[in-house]
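Comments concern the structure below.
The values are calculated or read from the model by the stated rules, or taken from the named source; none is laboratory data. In this text the structure is predicted, and so the values were computed from the model without any measurement. Note that each Cβ is placed from the backbone with ideal geometry, even for glycine, and that neighbours are counted across all protein chains shown. Accessible surface is based on the protein model in full, side chains and every heavy atom, while ligands, DNA and RNA are left aside. Shrake-Rupley method; radii C 1.70, N 1.55, O 1.52, S 1.80 Å.
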Amino acid sequence: MRIISITGTASGVGKTAVVRFLLKNLEDFSALKITTKHEGNCPRHSGCDVCETMKRPYTITTDPPQINQAGKDTALFKSAGARKVVWLQAHSEHLKRGIKEALTHFNKNDSVLIEGNSFLHAHDADISILVTTPRETKIKRSTREIVSRIDLAVINIYADDSPDDIMKTRERLHQIGCYAPVHVVNPLQDDYTPNEVFLCHMKEMLGQSIKS
């Protein structure tokens, strides 16, 4: 199984947008979404109520009606072209066991994009991508703990982000010890040359053909 891990410096940096961009442009990928329940206050402050309703050590969802619920990241992954989508919801202390079982829902020859900051704390990946953005300066402690395992960094920008904003974001990555190759992307913008540079790099790493 070939695994690409997508992690982020904080919530709201655009991990889901990057996963969707890759699913639309890479060949034959599935997706695993990981939601981790932490004790205490919600780390996302999103009001999704997942943590409060979880009674089991972990839950794995593959049922299409649940996966395809409007507004869910899993539905966005499926609509972006994922062959199969699995959703793992796990208490942090059972994460490693949950990931191990969730991966059994894919075939051994599958290629899987995995979104979730907790994945690299419990499992290896073939390619590890760290997503950040000029609009969020916060860097989670959990990100600092896995920064040495990052292969590529992606700065997710919007049209009005300035070169100075991007430079400061690069500096923040260096401050936490991330010196991996950096790609600037705008997944929402068509015909954006840096997007193509990023895709070419990814396809080279994966051995996929690059269209001229």
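Residues of segment 82-121 that are more than 18 Å from the chain's Cα centre (by Cα) and open to solvent by less than 50 Å² (accessible area, probe 1.4 Å): 91 alone.
Looking at segment 57-109, the helices (runs of 4 or more DSSP H) lying wholly inside it that each contain 1 or more residues that are polar (S, T, N, Q) and within 12 Å of residue 33 (Cβ to Cβ) sit at 64-67, 73-79. When restricted to residues that are of a type in the set (A, V, I, L, M) and open to solvent by 60 Å² or more (accessible area, probe 1.4 Å), segment 65-81 contains 1.
Could you go through segment 109-120 and let me know if any residue there is of a type outside the set (A, V, I, L, M, F, W, C), farther than 21 Å from residue 73 by Cβ and touching an Asp or Glu at 6+ places or on another chain (Cβ under 6 Å).
For segment 109-120, residues of a type outside the set (A, V, I, L, M, F, W, C), farther than 21 Å from residue 73 by Cβ and touching an Asp or Glu at 6+ places or on another chain (Cβ under 6 Å): absent.
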